[in-house]
Amino acid sequence: MYLDLLKRCLLNEMYLDDELRLLYLRACLSGEETFDFATYHDIRAALPEQFEKLRAARSIGQFMDRNIRNSGFSHTMIGRARLNGLHVCLDKIIGDGIPGDLMECGVWRGGACIFMAGYLRDHGIGGRKVILADSFEGLPVSQKEPDKGLQLDKSAYPELAVSLDEVKANFAAYGLLEAHIHFLKIP
């Protein structure tokens, strides 16, 4: 039950209504929508299609409307399906007695590693490190020929640039910032 609740929290599934409210308010501020208190108050009933799009996107690990600006408030972008897959992998690693540490390269807000740390704690497993490797500055400017014109760096998408301090704060919010959590800052 703890791990399911951890997944719900990491994915912000319990507060999708509030996330949709914020997206609605942003649309109102930009002039795309006209504010209506009834819509704001019962956003799920007023905007059922948008709510379902947000829920479905979160489930498969996409931003609503495939727009990075809709990154919302989840602590992971991998979605429910991949988070469940990670859970299965951890069960297999532990069940088969496979030794070693756990690592993610490119961690965004740290959610997948927070889940790994929560899994280890829930199962009473010590002696394994959880290693987070990232620049903690967003994606680099594209320089390779196949990526010409692809701009995902911090100047274009600051939403993808999550600092080391913010990732550590996310771990602390879950009570999981412990000695076996290691942060590897890659230039």
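The values are calculated or read from the model by the stated rules, or taken from the named source; none is laboratory data. Just so we're clear, the structure is a prediction, and the values are computed from it rather than from any experiment. All Cβ positions, glycine included, derive from the backbone under ideal geometry; neighbour counts span all protein chains shown.
Please work out if Ser30 is within 28 Å of Gly85 (Cβ to Cβ), surrounded by fewer than 17 Cβ atoms within 10 Å (Cβ to Cβ) and hydroxyl-bearing (Ser, Thr, Tyr). Spelling it out, it is not the case that Ser30 is within 28 Å of Gly85 (Cβ to Cβ), surrounded by fewer than 17 Cβ atoms within 10 Å (Cβ to Cβ) and hydroxyl-bearing (Ser, Thr, Tyr).
Just one of the listed residues (Leu83, Leu3, Leu16) is touching a residue at least 40 places away in the same chain (Cβ under 8 Å), assigned by TED's automatic domain parsing to the domain that holds Gly111 and part of a helix (DSSP H, G or I), and it is Leu83.
For Gly61, the requirement of being small (Gly, Ala, Ser) and either touching a helix residue (DSSP H, G or I) at 6+ places or on another chain (Cβ under 7 Å) or modelled with pLDDT under 95 (or both) is met.
Residues in segment 159-166: is at least one closer than 28 Å to Glu13 by Cα, hydroxyl-bearing (Ser, Thr, Tyr), in contact (Cβ under 8 Å) with a residue 12 or more places away in the chain and out of contact with any Phe, Trp or Tyr (no Cβ under 6 Å at 6 or more places or on another chain)? Spell out how you get there, then give the answer.
Initially, segment 159-166 is screened for residues closer than 28 Å to Glu13 by Cα, giving 159-166.
From what's left, hydroxyl-bearing (Ser, Thr, Tyr): 163.
Subset that is in contact (Cβ under 8 Å) with a residue 12 or more places away in the chain: 163.
Narrowing the set further to residues that are out of contact with any Phe, Trp or Tyr (no Cβ under 6 Å at 6 or more places or on another chain) leaves none.
No, there is no match, as no residue in segment 159-166 is closer than 28 Å to Glu13 by Cα, hydroxyl-bearing (Ser, Thr, Tyr), in contact (Cβ under 8 Å) with a residue 12 or more places away in the chain and out of contact with any Phe, Trp or Tyr (no Cβ under 6 Å at 6 or more places or on another chain).
Is it the case, given these coordinates, that Arg109 is surrounded by 15 or more Cβ atoms within 10 Å (Cβ to Cβ), in contact (Cβ under 8 Å) with a residue 24 or more places away in the chain and assigned to a loop (DSSP other than H, G, I, E, B)? For Arg109, the condition - surrounded by 15 or more Cβ atoms within 10 Å (Cβ to Cβ), in contact (Cβ under 8 Å) with a residue 24 or more places away in the chain and assigned to a loop (DSSP other than H, G, I, E, B) - is met.
Only a single item in (1) of a type outside the set (Phe, Trp, Tyr); (2) under 21 Å from the mean Cα position of the chain (by Cα); (3) at negative phi; (4) not in a loop (DSSP other than H, G, I, E, B) is not met by Thr76, and it is number (4).
Restricting to segment 116-133, name every residue that is more than 24 Å from Arg8 (Cβ to Cβ) and part of a strand (DSSP E or B). Of everything in segment 116-133, those that are more than 24 Å from Arg8 (Cβ to Cβ) and part of a strand (DSSP E or B) turn out to be Ile131, Ala133.
Exactly one residue out of Val162, Val167 is outside the structural domain of Arg26 (by TED's automatic domain parsing), under 16 Å from the mean Cα position of the chain (by Cα), part of a loop (DSSP other than H, G, I, E, B) and of a type in the set (A, V, I, L, M): that is Val162. Among the residues here, Glu145 does not qualify as under 20 Å from Leu11 (Cα atoms), charged (D, E, K, R) and at pLDDT below 95. For Asn12, the conditions (1) at negative phi; (2) out of contact with any His (no Cβ under 6 Å at 6 or more places or on another chain) are fulfilled apart from (1). Of the residues screened, Val141 is not one that is of a type in the set (Val, Ile, Thr), in a loop (DSSP other than H, G, I, E, B) and closer than 14 Å to Leu184 by Cα. Would you confirm whether or not segment 75-82 contains a residue that is closer than 18 Å to Ala172 by Cα and surrounded by fewer than 17 Cβ atoms within 10 Å (Cβ to Cβ)? No; the residues of segment 75-82 include none that is closer than 18 Å to Ala172 by Cα and surrounded by fewer than 17 Cβ atoms within 10 Å (Cβ to Cβ).
Would you call Glu32 assigned to a helix (DSSP H, G or I), more than 12 Å from the chain's Cα centre (by Cα), modelled with pLDDT of 95 or more and farther than 24 Å from Val167 by Cβ? Spell out the reasoning first.
Working: assigned to a helix (DSSP H, G or I): no; more than 12 Å from the chain's Cα centre (by Cα): yes; modelled with pLDDT of 95 or more: yes; farther than 24 Å from Val167 by Cβ: yes.
It is false that Glu32 is assigned to a helix (DSSP H, G or I), more than 12 Å from the chain's Cα centre (by Cα), modelled with pLDDT of 95 or more and farther than 24 Å from Val167 by Cβ.
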